[in-house]
Amino acid sequence: MTGTTTADRPVVQARANNRVHDLLDAAAKLFATQGYHRTTVRDITSAIGMGPGSSYYHFSSKAEMLLAVYEEGIRRVQASVESALAAAPDDEPWSRLEAALSGHIAAVLDPSAYARTIVAVLPSDVPELRDEITARRDAYEAQWRDFVDELDAPVDADLLRVFLLGAANSTQVWYREGGASPVAIARFIVDVLRRPLDSTLTEVTS
(Lines give C-alpha, C1' and ligand atoms only; values in the text may rest on other atoms or scores of the structure.)
Protein backbone atom coordinates (compact mmCIF):
# COMPACT_ATOMS: atom_id res chain seq x y z
CA MET A 1 0.00 0.00 0.00
CA THR A 2 1.82 3.03 -1.25
CA GLY A 3 -1.07 5.36 -1.97
CA THR A 4 -4.82 5.64 -2.14
CA THR A 5 -7.15 4.85 -5.01
CA THR A 6 -10.85 5.18 -5.54
CA ALA A 7 -11.22 1.65 -4.14
CA ASP A 8 -9.42 2.78 -0.99
CA ARG A 9 -12.02 5.41 -0.18
CA PRO A 10 -13.47 5.09 3.33
CA VAL A 11 -16.39 2.76 3.80
CA VAL A 12 -18.83 5.08 5.56
CA GLN A 13 -22.46 6.02 5.28
CA ALA A 14 -22.32 9.33 3.44
CA ARG A 15 -25.29 11.48 4.35
CA ALA A 16 -25.01 13.79 1.38
CA ASN A 17 -22.14 13.51 -1.08
CA ASN A 18 -18.52 12.50 -1.49
CA ARG A 19 -17.28 15.46 0.53
CA VAL A 20 -17.53 13.15 3.52
CA HIS A 21 -14.55 11.24 2.13
CA ASP A 22 -12.51 14.43 1.82
CA LEU A 23 -13.51 15.28 5.38
CA LEU A 24 -12.29 11.94 6.73
CA ASP A 25 -9.07 12.10 4.69
CA ALA A 26 -8.29 15.46 6.27
CA ALA A 27 -9.30 14.27 9.74
CA ALA A 28 -7.06 11.19 9.48
CA LYS A 29 -4.01 13.26 8.53
CA LEU A 30 -4.57 15.80 11.29
CA PHE A 31 -5.36 13.23 13.99
CA ALA A 32 -2.20 11.34 13.03
CA THR A 33 0.09 14.38 13.03
CA GLN A 34 -1.43 16.68 15.68
CA GLY A 35 -3.25 14.23 17.90
CA TYR A 36 -6.95 14.15 18.69
CA HIS A 37 -7.15 16.90 21.29
CA ARG A 38 -5.02 19.43 19.40
CA THR A 39 -7.13 18.99 16.25
CA THR A 40 -10.32 21.03 16.03
CA VAL A 41 -13.27 20.60 13.71
CA ARG A 42 -12.31 23.95 12.20
CA ASP A 43 -8.82 22.61 11.43
CA ILE A 44 -10.33 19.67 9.60
CA THR A 45 -12.88 21.61 7.60
CA SER A 46 -10.41 24.38 6.76
CA ALA A 47 -8.07 21.80 5.24
CA ILE A 48 -10.65 21.06 2.55
CA GLY A 49 -12.22 24.50 2.24
CA MET A 50 -15.42 23.55 4.04
CA GLY A 51 -17.25 25.72 6.54
CA PRO A 52 -16.98 24.33 10.10
CA GLY A 53 -20.72 24.04 10.46
CA SER A 54 -21.00 21.92 7.33
CA SER A 55 -19.18 19.01 8.98
CA TYR A 56 -22.14 18.45 11.29
CA TYR A 57 -24.22 17.47 8.31
CA HIS A 58 -22.05 14.35 8.11
CA PHE A 59 -20.91 13.82 11.70
CA SER A 60 -22.50 14.98 14.92
CA SER A 61 -19.15 15.54 16.67
CA LYS A 62 -15.38 15.32 16.37
CA ALA A 63 -15.55 12.07 18.35
CA GLU A 64 -17.90 10.53 15.79
CA MET A 65 -15.49 11.60 13.06
CA LEU A 66 -12.60 9.95 14.91
CA LEU A 67 -14.54 6.71 15.24
CA ALA A 68 -15.18 6.68 11.49
CA VAL A 69 -11.49 7.26 10.83
CA TYR A 70 -10.60 4.49 13.29
CA GLU A 71 -12.97 2.02 11.65
CA GLU A 72 -11.56 2.82 8.23
CA GLY A 73 -8.02 2.55 9.55
CA ILE A 74 -8.68 -0.90 10.98
CA ARG A 75 -10.28 -1.96 7.70
CA ARG A 76 -7.27 -0.82 5.70
CA VAL A 77 -4.74 -2.48 7.99
CA GLN A 78 -6.73 -5.71 7.93
CA ALA A 79 -7.02 -5.62 4.14
CA SER A 80 -3.29 -4.98 3.78
CA VAL A 81 -2.44 -7.89 6.10
CA GLU A 82 -4.83 -10.23 4.29
CA SER A 83 -3.35 -9.25 0.93
CA ALA A 84 0.18 -9.91 2.19
CA LEU A 85 -0.86 -13.26 3.65
CA ALA A 86 -2.41 -14.28 0.34
CA ALA A 87 0.95 -13.61 -1.33
CA ALA A 88 2.99 -15.49 1.28
CA PRO A 89 5.10 -18.33 -0.22
CA ASP A 90 3.65 -20.94 2.13
CA ASP A 91 1.67 -21.52 5.32
CA GLU A 92 4.75 -22.02 7.49
CA PRO A 93 4.22 -19.99 10.71
CA TRP A 94 7.30 -17.80 10.29
CA SER A 95 6.35 -17.04 6.67
CA ARG A 96 2.85 -16.08 7.76
CA LEU A 97 4.22 -13.85 10.52
CA GLU A 98 6.61 -12.12 8.12
CA ALA A 99 3.81 -11.55 5.60
CA ALA A 100 1.45 -10.18 8.26
CA LEU A 101 4.16 -7.82 9.50
CA SER A 102 4.84 -6.53 6.00
CA GLY A 103 1.13 -5.91 5.46
CA HIS A 104 0.78 -4.08 8.76
CA ILE A 105 3.86 -1.94 8.10
CA ALA A 106 2.65 -1.09 4.59
CA ALA A 107 -0.63 0.17 6.03
CA VAL A 108 1.11 2.21 8.74
CA LEU A 109 3.32 3.89 6.14
CA ASP A 110 0.46 4.62 3.75
CA PRO A 111 0.22 8.38 3.04
CA SER A 112 -3.52 8.41 3.76
CA ALA A 113 -2.75 8.31 7.52
CA TYR A 114 -5.79 6.25 8.48
CA ALA A 115 -3.67 3.50 10.00
CA ARG A 116 -1.36 6.03 11.63
CA THR A 117 -4.34 7.47 13.48
CA ILE A 118 -4.81 4.08 15.15
CA VAL A 119 -1.21 4.27 16.36
CA ALA A 120 -1.36 7.92 17.37
CA VAL A 121 -4.72 8.01 19.17
CA LEU A 122 -5.09 5.56 22.06
CA PRO A 123 -8.35 4.58 23.79
CA SER A 124 -7.27 6.51 26.91
CA ASP A 125 -7.01 9.69 24.83
CA VAL A 126 -10.75 9.73 24.18
CA PRO A 127 -12.63 8.53 27.29
CA GLU A 128 -16.04 8.86 25.66
CA LEU A 129 -14.95 6.40 22.96
CA ARG A 130 -12.70 4.21 25.10
CA ASP A 131 -14.86 1.08 24.91
CA GLU A 132 -15.56 1.35 21.19
CA ILE A 133 -11.95 2.04 20.25
CA THR A 134 -10.65 -0.71 22.52
CA ALA A 135 -13.09 -3.22 21.02
CA ARG A 136 -11.95 -2.41 17.49
CA ARG A 137 -8.26 -2.63 18.40
CA ASP A 138 -8.79 -5.91 20.23
CA ALA A 139 -10.68 -7.44 17.32
CA TYR A 140 -7.78 -6.71 14.98
CA GLU A 141 -5.05 -7.77 17.41
CA ALA A 142 -6.77 -11.10 18.11
CA GLN A 143 -5.32 -12.59 14.95
CA TRP A 144 -1.83 -11.60 16.08
CA ARG A 145 -2.26 -13.89 19.05
CA ASP A 146 -2.81 -16.68 16.53
CA PHE A 147 0.28 -15.71 14.52
CA VAL A 148 2.41 -15.81 17.67
CA ASP A 149 0.85 -18.99 19.05
CA GLU A 150 1.58 -20.76 15.77
CA LEU A 151 5.31 -20.17 16.31
CA ASP A 152 5.26 -22.30 19.47
CA ALA A 153 8.20 -20.16 20.67
CA PRO A 154 9.65 -20.49 24.19
CA VAL A 155 8.73 -16.94 25.20
CA ASP A 156 5.78 -15.03 26.65
CA ALA A 157 3.36 -14.96 23.72
CA ASP A 158 1.62 -11.75 24.80
CA LEU A 159 4.90 -9.87 25.20
CA LEU A 160 6.08 -11.12 21.81
CA ARG A 161 2.85 -9.93 20.19
CA VAL A 162 3.19 -6.48 21.76
CA PHE A 163 6.85 -6.34 20.73
CA LEU A 164 6.05 -7.17 17.10
CA LEU A 165 3.21 -4.68 16.79
CA GLY A 166 5.28 -2.03 18.54
CA ALA A 167 8.17 -2.58 16.14
CA ALA A 168 5.82 -2.39 13.15
CA ASN A 169 4.06 0.74 14.42
CA SER A 170 7.34 2.52 15.15
CA THR A 171 8.24 2.54 11.46
CA GLN A 172 6.11 5.66 11.04
CA VAL A 173 8.61 7.52 13.24
CA TRP A 174 11.87 6.64 11.56
CA TYR A 175 10.96 5.57 8.01
CA ARG A 176 12.15 7.79 5.18
CA GLU A 177 10.94 7.74 1.58
CA GLY A 178 13.18 5.55 -0.55
CA GLY A 179 14.28 3.41 2.38
CA ALA A 180 13.74 -0.30 2.88
CA SER A 181 10.40 -1.65 1.72
CA PRO A 182 7.79 -2.97 4.17
CA VAL A 183 8.68 -6.48 2.99
CA ALA A 184 12.38 -5.91 3.71
CA ILE A 185 11.65 -4.38 7.12
CA ALA A 186 9.41 -7.30 8.07
CA ARG A 187 12.01 -9.81 6.92
CA PHE A 188 14.69 -8.07 9.01
CA ILE A 189 12.52 -8.11 12.14
CA VAL A 190 11.70 -11.78 11.71
CA ASP A 191 15.30 -12.75 10.89
CA VAL A 192 16.64 -10.98 13.99
CA LEU A 193 13.93 -12.55 16.12
CA ARG A 194 14.04 -16.02 14.63
CA ARG A 195 17.71 -16.85 15.10
CA PRO A 196 17.67 -17.03 18.91
CA LEU A 197 14.17 -18.53 19.03
CA ASP A 198 15.08 -21.31 16.62
CA SER A 199 18.05 -22.37 18.73
CA THR A 200 17.82 -24.20 22.04
CA LEU A 201 18.06 -22.23 25.27
CA THR A 202 20.62 -24.57 26.77
CA GLU A 203 23.54 -22.37 25.73
CA VAL A 204 22.01 -19.40 27.51
CA THR A 205 21.01 -21.20 30.68
CA SER A 206 24.01 -23.52 31.06
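The values are calculated or read from the model by the stated rules, or taken from the named source; none is laboratory data. Quantities reported herein were computed from a predicted structural model and do not represent experimental measurements. All Cβ positions, even for glycine, are placed from backbone atoms using ideal geometry, and neighbour counts span all protein chains on display. In case anyone asks, the SASA skips ligands and DNA or RNA and just uses the protein heavy atoms, side chains included. Shrake-Rupley method; radii C 1.70, N 1.55, O 1.52, S 1.80 Å.
Scanning the chain for DSSP H helices at least 15 Å long along the axis (C-alpha atoms) with a Kyte-Doolittle mean no lower than 1.0 picks out 157-169. Under 10 Å, Cα contacts only: if you run a Gaussian network model on the chain, which one of Gln78, Gln143, Gln172 comes out with the highest mean-square fluctuation? So, out of Gln78, Gln143, Gln172, the one fluctuating most is Gln143. Placing +1 on each Lys and Arg Cβ and -1 on each Asp and Glu Cβ, with no other charges, gives the stretch 37-133 a dipole about its Cα centre of roughly 500 debye. Carbon-plus-sulfur accessible fraction, the stretch 34-128 (probe radius 1.4 Å, protein heavy atoms only): 53%.
So how strong a dipole does the chain carry about its Cα centre when Lys and Arg Cβ are +1 and Asp and Glu Cβ are -1, to the nearest 20 debye? So the magnitude is around 1020 debye. What you get for the stretch 106-177, charging only the Cβ of Lys and Arg (+1) and of Asp and Glu (-1), is a dipole of about 320 debye around the Cα centre.
Centroid-to-centroid, using Cα positions, the stretch 101-128 and the stretch 129-143 are 12 Å apart. Considering only Ser61, Trp174, Gly73, and ranking their Cα positions along the charge dipole of the chain that arises from unit charges at the beta-carbon of Lys, Arg, Asp and Glu, the one farthest toward the positive end is Ser61.
What the chain shows is 52 Å² of accessible area per residue, with the surface traced by a 1.4 Å probe over protein heavy atoms.
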